Structure formats: C-alpha cells, structure tokens
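A short write-up of the structure that comes next.
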Amino acid sequence: MKTIKHIRIEQSSVFADGDELFSLAGEEYAVFARAVYKSLEIDYPKFYKMSNMCKLGFLASEYLLKDMNIKEKFVDRSRVAIVLACKASSLQADIEYSKTMGEIPSPALFVYTLANIVTGEIAIRHGIKGEELMLVQQEYDKEQLSDYVSTLIDEGNTDFCITGMVDYDENHRYFADVCLLGR
Amino acid sequence: MSVYIESGNIISPLGFSTEENYANILSGRSGLRLHTDSRLSDVPLQLALIDDALLESTFAAVVGDGSGFTRFEKFCLLTVTCLLKNSSIDISSPDTVIILSTTKGNIELLESYDSRRLHLWHSAALIAKHFSAYNKPLIISNACVSGVAALVVARRLIESGKYNNAVVVGADIISRFIVSGFQSFMSLSPEPCKPFDAKRVGLNLGEAAVSAVLTRTKLGGAEQQIEVVRGAMHNDANHISGPSRTGEGLFHAIKDALAGDKVDFISAHGTATAYNDNMEAVAISRAGLNKVPVNSVKGFFGHTLGAAGLLEAIIALEAMKDNRLIGTRGYSEHGVSEAINVIKDTGRHEVNSLLKLASGFGGSNAAVLLRKTR
Amino acid sequence: MSIDLREKLKGELIEQLNLEDISPADIDSSAALFGDGLGLDSIDALEIIVLLEKEYGIKISDPSAGKEAMASIDSLAAFIEKNRK
C-alpha cells in the first residue's frame, strides 16, 4: 500500500503533505477548530457537538478525503479501515463530563468519554464500514501502528486505511498526524 | 500459521480463577446483587462488584505488597500473576507482547490523583515493568468491543510473525464516573438483566479482570487445543451511541470472522438493552445463523466493559471444552424481532467451534471464531 | 401557553444541544424537532431530559414517556406548563 495523502494539524495550523493549508497562529483551539470547519464549507452541524478530540480527527479526515472522489474510489466501504492511536485517550472529555457529575450528568458529554468515538465520527461522516481500532500510546509510535496495519492489510479485506495519531490532552495540547493508505 | 489460546484467568465476583468462575456459573450463581454504596450511586443498583477485602488479601498472598498500586492496577497485576502460574510462556521474552484492553482504567481517581496516573499508557507501562516485559505494551481502548478486539489484534500480530506469544489483559472497574454516565443514558436495569427477553429494560454493570495467553506453540501429542481461527471488526457508520437497526457492522464482522466456516455456538454481547439485543438478533439472522444456539452471560457477570469480550470468550471456551451450552440467565420469553435460538437452560451439547460477538459505542462491532483442534 | 416560554425554550435548546449556526428564528415552534426537523437524535433527546430537570424541575425516568412531549417546541412548552412545579 502507498500513502495517498498525509495531513498534520498542530499549533493552529493544517498541513497537507508538508504544505501549510490553513493557519491561525497563536489562536486558541476552539476558535481555530471553528475557523477550519467554516473554511471547509461543509454542512455538518454535528461537528459542534463533538469533543475537542473528535473535532480534531474529524477535521483531519475532512482534509484527507476532500479532494478525492470517494464515491468512485471507495467502491466497497466495508473494505475501508480506520486505525488510529492517541496518547491521552479521552481524558480531556472525561474532565468535561466529570464537571456535570455533581449536578445532572450530561449524556452528550458522557458519550465522548471513550477514546474510539473519534473513529466512529469519521466512519459516520464518510460511511466507512471497515475495521476501526483505537490504540493508546505513551509517545506517538508509528512503528507499532504500521506493524499492526500491515497485518490487517495482509489479511486481504482492506483496500484503504486511514491511520495515524489524533490526540487532544488534558492540558489542551493537540496533535493530529493522519495518512490515507491505499492500493 | 495457527494461533492458540493456551490458558486464561478470570478475576470476578464469581471467583478468582477460571475454574471457580465456571463452576459457579454451572451451579447457577450470579455475581449481581443490590448495592447501596453512595459513593457509586444515589439510588440502589444491581452491580457485580469484586469484594475489596478479598482483593486485598488475595493480592497480598499472590502478588505481594499492594501499597503504591491503585485498585485497577492491582486487578491487572493479580490476573496476570495467576495466569502465568498455569502458563509455559515467558512474559519477559522478546517473543512476547502484553496487550491491555480497557475503556477507563484508573478513571475513578480523576479528582484525587495527578493526571499522569489516569493515562491508560501509564497503567500498561506499570504492568509491563512489573513483569519485566521486553516489548512495549500495546493498549486497545475501543469501548465495549475492546476485549474481542484484543483477541483479534493478538492473533494477527502472532500470525504475522511479529511475536510468538501475547498476554492479553482485559479489565475495567466500576466507579461513579461510569455508573453516572450509564444512568444518564437511562440504560441501567433496576433488576438483574434479562438478555434477549421480552421484558428486558437495560443492562447491569460489572467488574472483572481477565487475562489469556495466545501463542503459536502447538502442544505435543493428542491434547486438545483451542485455536483462534479468525477475527474481524466493522463499523456501523450509523450513530456514535445507538446500534444500527440493520446490524450492519456486526453482520460484516460475523461474515468475515466465519469466512464460510460453520459454527456450533454463538456467545453474544447480549447487554439486555432494547436496541443492542435486537440489533444482534438482526445481524445473526442476516448471517443465516438463526438455528445456531446463542447465549449471553451478562446475567452472571453484568457488563464488564473492556473486560467483557475476553471474559465471555474464556467462559465460552470452557463450556466448549466441557461440551456444554450455558443458559442465558434472565431469559424466559423471547423478545427480539428475529427467531434466533437463544439458550434458556444449561445442558450437554457437542460444541467444536464458537463465535464471540461484541458491539459498542462508536458504532464498533467485533467477532472472533474459536475452534477445538488437536 | 406563553409565547415567552417557547422562545425561551428555543434559546435553551440551541445552548444545551450545541446548535450553532441556528438562531431561534430558524426554529418553527410546530415543526418536528427530531428526524428531518433540526436533525436531533437519541442523545439530544436524553439531553432535553436533562434540560427539563435542570431548568424546570421535571424528572422523566422513562425516555419513551418523553417522546410525545419532545415532538416540537409547542408540545414541549405544553408539557412544561402542565408538569412544572
């Protein structure tokens, strides 16, 4: 499999295959994420309900797939996989949810207290029905991730794979580094 | 290259070994009981919780000094220590990887600990260090399919030749964080749960720490082994909390896990929520498996989250070795839209292969096929 | 039933359900909240139950019981008028 496209999001900037596509240097995440969403000119109101981590993964995958005719490319969406890693799991969303625990716990916040919801959000957005998996890593370990992805691809049921890291931690540091792999 | 499950350990309210858990199930005992602990919930709840005093004394006797470890960490260390007593593999060898499957780890300490300790990688690193693991642990946090996902991932990594052995650990403990969230989803049953039953009103939460050794080493002679034949995971691409009404992802997972092979028994996720059980019935039916006996053991253990898939796979393979089908505790009147073969009572039945299913938030679904082999 | 309560509810729903890009004027009081309407889903329904308890002291313990009440802003307002303490 080859890398079809690579997206990196960090420090209020978006890069595609190394080139800067969007930047709001110095801006806080909420403002940055909203501006990126607006710049993509898509109508997906559920975006506003997502946790910070999910917004990050959602935006990265939008860039990953946006100039591609996925209707033509993803012939069988049960053969498109999403295998991601994160460092802080959903800890930032956990803290947000826990603030409501003393009063009336919020179901809309609780649903984001799982690391793999971001893979679900990406799957729903693009109708991707292949394997989804979320690994947790102390440091971004591309080798561990790609070792696993190769075993998945070798099995022969996967034509494309979105893979990489989507991390939003409890100190509001964030980093997305995702690739689309394909034949 | 074949991959086998060599051994397994279960720490649950029904016992601290696989044998004890299995014997208790056969005698019809459940780990569920009414708890009135105000630290967990303002209202009384049916939960399957592990007794703290028993954990402490067992940990001290089996592992050693428990000071410095959290409750979650103790469970993980205890199950792996017990597991290794019945295993021939070397956990510290370069051939072995530890795989931790959990949804929330130490989350109960959210307000009382520094955040470092709450990270799932921290728990995994601590387990790896305790057992002097050579390789970096792999951590899977994939909601309620984590346990089955861990089996699928372990099988692939061994089959590819990356490792010879995997020590798979699945654990979650019950805290106010988890209880309050499920309460906010209104998915908890005030009574012991009734999987696939017409009167089911929701799930019960439970805790367990479970571990298993997967290996490529075939035992010599005629001894029976359990092969992890194939596994698959598929997303519904439908909703982040609601299961697909068409059983889409689970249907694909079943299809890929079977790949045309036949199966004698299905260990369902069977949480006893209205939507989950019906979705499973639809997926099983779509796969043409209406006649295959199906059970859920949630009535014995509750829903043990990141441990569930592994726990239920080990119970299912114990029953398979014993040629028995375990009845679905809580099931009496068929309550799902499809005519699937839900087992009511435990009884003798020849079983040579089984399919373990799991589904969870995020639209995730997983299935793994286990089979007797010589 | 007060017009005010309906307008207040629209604001509260926008806030509670993170309906950014939607203003109270965009919400038709008689239109369906779920399905095609505002595109709300099962999690939103649970969040509306939280809103009813937090703002109006109305407790719903069976989500299916709240289904009719949540059909539209009109029905929700009527339900609140009838049940609020």
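The values are calculated or read from the model by the stated rules, or taken from the named source; none is laboratory data. Model, not experiment: these values are computed from the prediction. We place every Cβ from the backbone using ideal geometry, glycine too, and count neighbours over all the protein chains shown. What goes into the accessible areas is simple: the full protein's heavy atoms, side chains included, and nothing from ligands, DNA or RNA. Shrake-Rupley method; radii C 1.70, N 1.55, O 1.52, S 1.80 Å.
Taking residues in segment B:335-359 that are farther than 18 Å from B:G299 by Cβ, and partners anywhere that are surrounded by fewer than 16 Cβ atoms within 10 Å (Cβ to Cβ), the pairs with Cβ atoms closer than 6 Å and at least 6 places apart or on different chains are B:A339/B:N290; B:E350/B:N323; B:V351/B:N323. For segment A:11-68, residues that are in a helix (DSSP H, G or I) and among the β-branched types (V, I, T) total 2.
The rows are residues; the columns are (1) over 23 Å from the mean Cα position of the chain (by Cα); (2) touching a residue at least 60 places away in the same chain (Cβ under 8 Å).
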site: B:P94; (1), (2): yes, no
site: B:T103; (1), (2): no, yes
site: B:S115; (1), (2): yes, no
site: B:A128; (1), (2): no, no
site: B:S141; (1), (2): no, yes
site: B:N164; (1), (2): no, yes
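For residues that are in a strand (DSSP E or B) and open to solvent by 50 Å² or more (accessible area, probe 1.4 Å), tally how many sit in segment B:174-232.
Number of matching residues: 1.
Identify, by number, the condition in (1) modelled with pLDDT of 95 or more; (2) farther than 30 Å from B:L77 by Cα; (3) in the same structural domain as B:T328 (by TED's automatic domain parsing) that B:M233 doesn't meet. It is condition (2) that B:M233 fails. Scanning segment B:281-338 for residues that are part of a helix (DSSP H, G or I), buried (at least 24 other Cβ atoms within 10 Å of the Cβ) and of a type outside the set (A, V, I, L, M, F, W, C) yields B:K298, B:G299, B:G306, B:G309, B:E312. Does at least one position in segment A:152-159 carry a residue that is farther than 22 Å from A:Y63 by Cβ and among the hydroxyl-bearing types (S, T, Y)? There is no residue in segment A:152-159 that is farther than 22 Å from A:Y63 by Cβ and among the hydroxyl-bearing types (S, T, Y). Yes or no: B:S160 within 12 Å of another protein chain (Cβ to nearest Cβ) and either open to solvent by less than 40 Å² (accessible area, probe 1.4 Å) or under 30 Å from B:L55 (Cβ atoms) (or both)? In short, no. Go through segment B:316-374 and report how many residues are within 14 Å of chain A (Cβ to nearest Cβ) and either under 14 Å from B:P195 (Cβ atoms) or among the hydroxyl-bearing types (S, T, Y) (or both). Within segment B:316-374, residues that are within 14 Å of chain A (Cβ to nearest Cβ) and either under 14 Å from B:P195 (Cβ atoms) or among the hydroxyl-bearing types (S, T, Y) (or both) number 3.
For segment B:252-273, filtering for residues that are crowded, with 24+ Cβ neighbours inside 10 Å, within 16 Å of B:L289 (Cβ to Cβ) and more than 7 Å from chain A (Cβ to nearest Cβ) leaves 9. The requirement of being open to solvent by 10 Å² or more (accessible area, probe 1.4 Å) and either over 24 Å from A:V14 (Cα atoms) or among the aromatic types (F, W, Y) (or both) is not satisfied by A:Q92.
Scanning segment B:61-80 for residues being surrounded by fewer than 17 Cβ atoms within 10 Å (Cβ to Cβ) and of a type in the set (D, E) gives a total of 1.
Among the residues of segment B:233-249, the one identified as open to solvent by less than 30 Å² (accessible area, probe 1.4 Å) and either away from chain A (no Cβ under 11 Å) or more than 25 Å from A:V111 (Cβ to Cβ) (or both) is B:G247.
Determine whether A:L133 is of a type in the set (A, V, I, L, M, F, W, C) and within 17 Å of B:D256 (Cβ to Cβ). It is true that A:L133 is of a type in the set (A, V, I, L, M, F, W, C) and within 17 Å of B:D256 (Cβ to Cβ). So if I check each of A:K55, A:K2, A:K71, which one is among the basic types (K, R), open to solvent by 10 Å² or more (accessible area, probe 1.4 Å) and touching a helix residue (DSSP H, G or I) at 6+ places or on another chain (Cβ under 7 Å)? From the options A:K55, A:K2, A:K71, the qualifying one is A:K55.
In this structure, is A:L181 part of a loop (DSSP other than H, G, I, E, B) and open to solvent by 20 Å² or more (accessible area, probe 1.4 Å)? When the stated conditions are applied, A:L181 does not pass them.
Would you check which residues across segment B:31-48 are buried (at least 22 other Cβ atoms within 10 Å of the Cβ) and in a strand (DSSP E or B) and list them? Within segment B:31-48, B:L45, B:L47, B:A48 qualify. Quick check on this structure: which one of B:T304, B:T246 is in contact (Cβ under 8 Å) with a residue 24 or more places away in the chain and either more than 21 Å from B:M320 (Cβ to Cβ) or touching a Pro at 6+ places or on another chain (Cβ under 7 Å) (or both)? Result: B:T246 is the single residue among B:T304, B:T246 that is in contact (Cβ under 8 Å) with a residue 24 or more places away in the chain and either more than 21 Å from B:M320 (Cβ to Cβ) or touching a Pro at 6+ places or on another chain (Cβ under 7 Å) (or both).
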